[in-house]
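Notes for the one structure printed next.
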Amino acid sequence: MVSLEEFKKLELKVARIKEVEDHPNADKLYVLTIDLGESTKQIVAGIKLSYTKEALVNKQVIVIDNLEPAVLRGVESQGMLLAASDEKGISVIMPEREVTPGSAVK
């Protein structure tokens, strides 16, 4: 179980995907450049089998902004994109309407 206080430590924010590149060392990963309003970050996401690059560019997504950076197959990821998965594949979590990049998810 995660306490409410632990959950509140996560900074969930709206980001806009600016660039999508193939991961150089993994078939299922993309390297995304995201705009968080006041900053730009790079994240690695395992969504390549469910989305084309073109379908992701300019989309708004929800990310965890204050995750400790991790190196995934040789590429640094500075956050985590939120997505759901089931037997039909992966579905990236997106705001219902346009929201200012960097806005907090509550």
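Straight-distance candidates among the aspartates and glutamates for linking to Lys41, with alpha-carbon spacing under 15 Å and chain neighbours fewer than 8 residues away dropped: Glu11, Glu19, Glu21, Asp65, Glu68, Glu76. Kindly flag which residue pairs out of Lys18/Lys106; Lys53/Lys106; Lys13/Lys59; Lys8/Lys48 have an alpha-carbon separation exceeding 19 Å in this structure. Lys18/Lys106; Lys53/Lys106; Lys8/Lys48, as the Cα separations exceed 19 Å there.
Calculated from DSSP H runs of 4 or more alone, at -39500 (n - 2.57) each and per residue, what is the 222 nm mean residue ellipticity of the chain, nearest 500? Display every interim value, and only then the final one.
On the way: 2 runs with 9 residues, N = 106.
Rounded to the nearest 500, the figure is -1500 deg cm²/dmol.
Counting neighbouring beta carbons within 10 Å and listing from fewest to most, the residues Asp65, Asp22, Asp35 come out as Asp22, Asp35, Asp65.
Hey, got the dipole for the chain? About the Cα centre, +1 on K and R Cβ, -1 on D and E Cβ, debye to the nearest 20? All intermediate terms of the calculation are to be shown ahead of the outcome.
On the way: 14 positive and 17 negative charges, 28 e Å.
Its charge dipole is roughly 140 debye.
Put the Cα centre of the range 12-32 next to the Cα centre of the range 73-106 and the gap is 10 Å. Working from Cα pairs under 8 Å separated by at least six residues, relative contact order for the chain is 31 percent.
Of Thr52, Thr33, how do they rank once you tally other Cβ atoms within 10 Å and put the fewest first?
Listing Thr52, Thr33 from fewest to most nearby Cβ atoms yields Thr52, Thr33.
Can you put Val105, Val44, Val71 in order, fewest other beta carbons within 10 Å first? Intermediate values should be presented prior to the final figure.
On the way: Val105 16, Val44 23, Val71 9.
The most exposed by this proxy come first: Val71, Val105, Val44.
Seen from all directions on average, the chain presents a Cα convex hull projection of 7.4 nm².
Here, each number is a calculation from the coordinates, and none is a lab measurement. Only a predicted model underlies this, so the values are computations on that prediction, with no experimental measurement involved. Positions of Cβ are backbone-derived with ideal geometry, glycine not excepted, and every protein chain shown enters the neighbour counts.
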